[in-house]
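Please treat every number below as a calculation from the coordinates, not as lab data. Not measured: the values here are computed from a predicted model.
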């Protein structure tokens, strides 16, 4: 064989190698792009999963807060009702003493008056605990003052509570907490 043929064969081999090299580079480039795409898809799936978990967690948090708020509202008045029970007991005892059979009217009236005084003391104690002030004092924010008066000109509505200029008539112990909540929230 001649030199020329050898060179031609070598050139053909080189060209063949170049073509094969181009194909290999294309395959490598495609493989790299496919791997990058797969990695990007996996990352996107992971981010999506994380988003759904955080979203579900937030929804659970909202539901839990709604339940806790409902429970708080449901039992918010419980402490005042516990304190009021003693006052109700005193009122029942006062009424029973005032209506006792075989007791003179004067003694029954005296017992009734004593019972009402106990109830007043109990009501004042409940208010003092709730507002954290004594009778004759005003709260730091200036919203509440506890005063006991003989008459506010509404004897027909007795017992009365004057709160923020509004007269609440025929007030029972159970009404005190509602009046305080109404005043604190600014509802008239």
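Some notes on this structure:
- 0 to 90° range, to nearest 10: angle between helix 3-75 axis and the chain longest Cα axis: 10 degrees
- Set against the 2.2 N^0.38 Å expectation for a compact globular protein, the chain has a Cα radius of gyration ratio of 2.70.
- Separation of alpha-carbon centers, region 156-170 and region 110-138, rounded to whole Å: 16 Å
- The separation of region 4-20 from region 36-84, counted between C-alpha centres, amounts to 71 Å.
- Mean separation of Cα contacts under 8 Å (6+ apart) over length of the chain, as relative contact order %: 12 percent
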